[in-house]
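Structure first, then comments.
Every number here is computed from the coordinates shown, using simple stated rules; none is lab data. Note that the coordinates shown come from a computational prediction; the quantities given were computed from them, not determined experimentally. Ideal geometry is used to build each Cβ from the backbone, glycine not excepted, and the neighbour counts take in all protein chains shown.
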Amino acid sequence: MSESLPFRSAVVPAAGLGTRFLPTTKTVPKELLPVVDTPGIELVAAEAAEAGARQLLIVTSPGKDAVAAHFAPMPELEETLKERGKDALLEKVRRAAELISVRTVTQHEPKGLGHAVACAADALADDEQAVAVLLPDDLVLPTGVLSRMAAVRAEFGGSVLCAFDIPGPEISAYGVFDVSDTADPDVKRVHGMVEKPPADEAPSTYAAAGRYILDRAVFDALERITPGAGGELQLTDAVALLISEGHPVHVVVHRGGRHDLGNPGGYVRAFVDFALQHPDYGPELRSWLGSRLEG
Ligand code: UTP
């Protein structure tokens with residue numbers, strides 16, 4: 001783990017209503033929906049730990065206690081599995097608690113992603129100059145982009161976001177960055193951002209993904225922005241305010257895959273993709289899918 005790592009804490013906002021997953025999300029937090037057998041938020045926690053984060057700050061809402069409970073040890077279950085010699089299962093049960101130290105922060109009302117991130121401010125130590133933010137809905141594959149983003153902050157300072165290159169008309173479904181080039185083709189300086197522009201008006205082909213390394217200045221910016229669409233405090237408005245004040249913001253263009261676990265269509269794709277790669281389920285699923293698609 002590099003001592004020059006610009007962040008120790010990774011904030012995972014998980015206090016949204018998850019309306020696109022109703023009725024399941026009446027009682028089950030969408031962050032706990034399994035991707036094959038592992039909740040999405042555990043995959044994201046593993047990514048944060050791999051990038052060197054030491055603390056995961058999960059922003060939850062009242063009634064979503066199960067999210068934090070997933071990261072707590074379960075001594076009785078662990079003992080039973082041990083007695084029965086179920087070592088592989090024991091390892092799976094323990095993994096979440098052993099990955100990274102977890103703290104929760106409560107967002108009492110779903111006032112937007114920006115507000116959720118602001119709720120984590122008081123949980124940071126005074127000497128933490130930057131923080132990572134990972135949206136648990138968004139699987140960015142393969143992992144490793146946070147480490148590249150950390151290197152960009154070390155070079156340019158300020159805040160660093162993650163982008164995907166989406167050259168087709170699908171760009172209009174995303175927040176799109178207005179950028180200029182740097183010497184590295186995969187690193188761009190950000191001048192602004194447009195939410196869901198018509199494809200022919202998009203300022204670039206670079207769409208925002210749910211990974212951020214934010215300078216601590218973002219918390220001050222979050223206090224100065226006003227609620228946007230739906231009365232919510234938008235994280236992108238705080239980033240836009242920082243840009244307008246000359247704060248450096250860059251993106252790392254991630255040349256890889258991505259799954260959006262936040263809606264049933266994206267979730268199904270992620271589940272199938274992970275299941276196809278799973279040694280126990282992959283081969284059978286592949287042959288079943290083949291015959292199902294022929295039929
Ligand atoms: P989303 O808009 O994707 O999540 O927010 P949502 O609001 O739960 O989903 P829908 O639109 O109702 O289906 C992106 C991330 O920000 C968190 C969400 O939990 C999700 O991980 N979030 C959003 C908060 O923590 N608090 C909020 O007030 C809003």
> Which shape class applies to the stretch 144-253: rounded if a/c is under 1.5, otherwise prolate when a/b exceeds b/c and oblate if not, where a ≥ b ≥ c are the square roots of the Cα gyration tensor eigenvalues?
Replying inline: oblate
> How high is the FRET efficiency from Asp186 to Lys86, r the C-beta distance, R0 41 Å, rounded to 0.05?
Replying inline: 0.40
>> Restricting to Cα pairs below 8 Å that are 6+ residues apart, what does the relative contact order work out to for the chain? Please round to a whole percent.
In response: 22 percent
> Comparing Ala72, Ala183, Ala221, which has the greatest mean-square fluctuation in the GNM of the chain with Cα pairs linked when under 10 Å apart?
Replying inline: Ala183
> What lysines could a cross-link reach from Lys196, if we take a straight Cα to Cα line under 22 Å and drop same-chain neighbours fewer than 8 places away?
Replying inline: Lys111, Lys188
> Stretched out fully, how many nm does the piece from Ala46 to Ala123 gain, at 0.36 nm a residue minus the Cα gap?
Replying inline: 25.7 nm
> Cross-link partners among lysines for Lys92, C-alpha distance below 29 Å, same-chain residues fewer than 8 apart left out?
Replying inline: Lys26, Lys30, Lys64, Lys82
> What ranking of Ser101, Ser291 emerges when the number of other C-beta atoms within 10 Å of each C-beta is taken as an exposure proxy, fewest first?
Replying inline: Ser291, Ser101
> In nm, what is the difference between 0.36 nm times the number of residues separating Ser172 and Ala229 and their Cα-Cα distance?
Replying inline: 18.8 nm
